[in-house]
1. Quick test of your reading of the structure: residue 228 fulfils all but one of (1) out of contact with any Phe, Trp or Tyr (no Cβ under 9 Å at 6 or more places or on another chain); (2) among the polar types (S, T, N, Q); (3) at pLDDT 95 or above. Name the failing condition by number.
2. Determine if the stretch 63-80 includes at least one residue that is open to solvent by less than 60 Å² (accessible area, probe 1.4 Å) and within 16 Å of residue 220 (Cα to Cα).
3. Could you tell me how many of the residues in the stretch 184-231 are farther than 25 Å from residue 66 by Cα, of a type in the set (Lys, Arg) and out of contact with any strand residue (DSSP E or B) (no Cβ under 8 Å at 6 or more places or on another chain)?
4. Just checking, how many residues over the stretch 17-32 are crowded, with 17+ Cβ neighbours inside 10 Å and over 19 Å from residue 64 (Cβ atoms)?
5. Please go through the stretch 87-120 and give me each residue that is within 16 Å of residue 137 (Cα to Cα) and either assigned to a helix (DSSP H, G or I) or touching a residue at least 60 places away in the same chain (Cβ under 8 Å) (or both), ordered by number.
6. Taking the stretch 96-128, which residues are out of contact with any strand residue (DSSP E or B) (no Cβ under 8 Å at 6 or more places or on another chain), open to solvent by less than 70 Å² (accessible area, probe 1.4 Å) and farther than 14 Å from residue 213 by Cα?
7. Of everything in the stretch 157-205 that's among the hydroxyl-bearing types (Ser, Thr, Tyr) and under 16 Å from the mean Cα position of the chain (by Cα), which residue is nearest to residue 115 (Cα to Cα)?
Amino acid sequence: MVLGSKSGTTPETVAAAEWLRDKPCRTVGVTQRANSPLAEAVNERFVVGETAESFVAIFMALQALVGGMLAARDSWPLADLLMPSLAALPRVIADTAAANDARGAEAARLLKDDRILYHVASGPCATTAYTFGVCILMEMLWLHSNPIDAAEFFHGPFEIVDAETPLVLIVGEDPSRPLMERVVRFCKKHTQRLFIYDSSELAMPGVAPLIRPLVAPYVLQAALKRISARLSVLHGKPLTTRRYMWKGGY
C-alpha cells in the first residue's frame, strides 16, 4: 500500500497507515519530512525534502518506485530511460516555468475578470487539470473552477461552451491524446477564449522521447502555474492565503 502526504500529517492518510500496521501488507509513505507521523507509521518511506514543487517531487519518487517494480517483475523496457529522464526533470520544470511566464501573464490578464474557469484534459493529464483547477485556483485563489475529463466532455459539459466561455485545454502525448484533439477541434469552432497548452510544443532536454508522455503532466503544470502566479498579483491575493485550511477542525 502506497500512501502520500506532502506534510506527512494529513489525518486520513496517517490513520490509514496506522490501521494497516498489523495487516498482512507492506506500506510505503511518500512525504517531505522523515519525522512526520506518516513517515513513522509506514514500513518504508521516501522523503523528498522541503520543496515548493512537492507534486513533482512525490511523482518522481513514485515513478521511480513503479518503474523499478515493473523492470524487476516484467522486464519493463523503458526502465533504463526512466531514471536519467527523471534526473533531468527538475531543470525542465524550472526552464518551462521561465519560458512560459510571459504567456502566463497574458493569459492572466485575459482571465482576471472571470470567476468560473474550465480545464479539460485526458489520460494522465487529468491529474494536471485537477491539481491546477482544485488545488490552486479553488484552494488558493477561491475561483470557481471545474476540471473536466475529455472522455466526458461530449457527455454534457460541451453544452456550456459559447463565445465567452474560458477554456484551458491541456494536451499531452500519451495514447489518450486523440480525445483532447477532438475537444480542441470542437472548441476552436465555438469560442475564441481558448488557452491551449500542448506538451508536444514544450522543450524537455534530457527527457527521452518515450518518457515524455509520463512526465508531460508535470511539465504542463509548470507552465500553467504561471497563470495562477500572475492572477494572484492581479487579484491582490497571495497564493498562501487560506480561508479554512489549517485553521481549526473540519
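The values are calculated or read from the model by the stated rules, or taken from the named source; none is laboratory data. Just so it is clear, the model here is predicted, and its values are computed rather than measured. Note that each Cβ is placed from the backbone with ideal geometry, even for glycine, and that neighbours are counted across all protein chains shown. Ligands, DNA and RNA are stripped out before the accessible areas are found, and what is left, the full protein with its side chains, is counted by its heavy atoms. Shrake-Rupley method; radii C 1.70, N 1.55, O 1.52, S 1.80 Å.
1. Condition (1) is where residue 228 drops out.
2. No.
3. The qualifying residues number 5.
4. The initial filter retains those residues of the stretch 17-32 that are crowded, with 17+ Cβ neighbours inside 10 Å, namely 17, 20, 27-32.
Remaining after also requiring over 19 Å from residue 64 (Cβ atoms): 17, 20.
Of the residues in that region, 2 qualify.
5. From the stretch 87-120, those within 16 Å of residue 137 (Cα to Cα) are 104-105, 107-120; that's our starting set.
Passing the criteria: 104, 105, 107, 108, 109, 110, 111, 112, 120.
6. If the condition is that a residue be out of contact with any strand residue (DSSP E or B) (no Cβ under 8 Å at 6 or more places or on another chain), open to solvent by less than 70 Å² (accessible area, probe 1.4 Å) and farther than 14 Å from residue 213 by Cα, then 96, 97, 100, 101, 104, 105, 108, 114 are the ones that fit.
7. 197
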